[in-house]
1. What are the residues in segment 15-40 that are surrounded by 20 or more Cβ atoms within 10 Å (Cβ to Cβ) and hydroxyl-bearing (Ser, Thr, Tyr), if any?
2. Given the residues Phe120, Phe74, which is the only one that is part of a loop (DSSP other than H, G, I, E, B) and surrounded by 13 or more Cβ atoms within 10 Å (Cβ to Cβ)?
3. With open to solvent by 50 Å² or more (accessible area, probe 1.4 Å) and within 28 Å of Ser125 (Cα to Cα) as the only criterion, which of Ser3, Ser50, Ser66, Ser89 stands out?
4. Quickly run through segment 67-81 and pick out the residues that are aliphatic (A, V, I, L, M) and at pLDDT 90 or above.
5. Within segment 98-109, does at least one residue satisfy the condition of being in contact with a helix residue (DSSP H, G or I) (Cβ under 9 Å, 6 or more places away or on another chain), at pLDDT 90 or above, open to solvent by less than 40 Å² (accessible area, probe 1.4 Å) and assigned to a helix (DSSP H, G or I)?
Amino acid sequence: PVSWAKNTSPATLSNLVISGYSAGALGTKVWSQHLLGLFPHHKASVLVDSQAGIASDGTEGQLLNSWGACSLPFLSELNQKVCSDNQLSVTVPFEAAMEAYPKVGFGSIQSKVDKVQVDFYDAISA
């Protein structure tokens with residue numbers, strides 16, 4: 001868990017890399033700003049892999065709400081409300097992280113065709 005990593009890490013990290021693949025990329029987008037603030041660092045990078053953030057209208061917000069993301073303490077009151085209304089997109093906290101940490105490198109890897117993402121899109125859009 002995050003608390004274990006915080007308790008066993010140096011006071012300031014030389015390098016911090018936050019990364020997630022597929023559904024883990026969703027978590028990376030939502031948690032990156034909090035983690036960048038939690039772990040002081042000299043250099044940091046955030047990388048999301050295989051999560052384009054494409055979903056039919058409303059499904060992304062419903063999904064975040066059903067996963068309990070709306071009660072995350074580091075979401076602003078406004079974003080908690082937007083999330084509770086099933087309207088929050090993972091791009092909102094991800095863009096906030098980019099704005100808050102302009103010296104951190106942010107990247108995204110996306111394949112042309114990803115069957116898992118296509119199936120996920122179909123499942124949550126049904």
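1. Hits for segment 15-40 are Thr28, Ser32.
2. Phe74
3. Among Ser3, Ser50, Ser66, Ser89, only Ser66 is open to solvent by 50 Å² or more (accessible area, probe 1.4 Å) and within 28 Å of Ser125 (Cα to Cα).
4. Residue satisfying the conditions is Leu78 alone.
5. Within segment 98-109 (the criterion being in contact with a helix residue (DSSP H, G or I) (Cβ under 9 Å, 6 or more places away or on another chain), at pLDDT 90 or above, open to solvent by less than 40 Å² (accessible area, probe 1.4 Å) and assigned to a helix (DSSP H, G or I)), the answer is no, since none of the residues qualifies.
Residue-wise test of (1) more than 16 Å from Ala97 (Cβ to Cβ); (2) modelled with pLDDT under 85; (3) among the polar types (S, T, N, Q).
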{"position": "Leu16", "(1), (2), (3)": "no, no, no"}
{"position": "Gly20", "(1), (2), (3)": "no, no, no"}
{"position": "Leu38", "(1), (2), (3)": "no, no, no"}
{"position": "Leu47", "(1), (2), (3)": "no, no, no"}
{"position": "Thr59", "(1), (2), (3)": "yes, yes, yes"}
{"position": "Gln62", "(1), (2), (3)": "yes, no, yes"}
{"position": "Asn65", "(1), (2), (3)": "yes, no, yes"}
{"position": "Asp85", "(1), (2), (3)": "yes, no, no"}
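The values are calculated or read from the model by the stated rules, or taken from the named source; none is laboratory data. Everything numeric here is computed off the predicted structure, so don't read it as measured data. All Cβ positions, even for glycine, are placed from backbone atoms using ideal geometry, and neighbour counts span all protein chains on display. Keep in mind that these areas ignore ligands, DNA and RNA; they rest on the heavy atoms of the full protein, side chains included. Shrake-Rupley method; radii C 1.70, N 1.55, O 1.52, S 1.80 Å.
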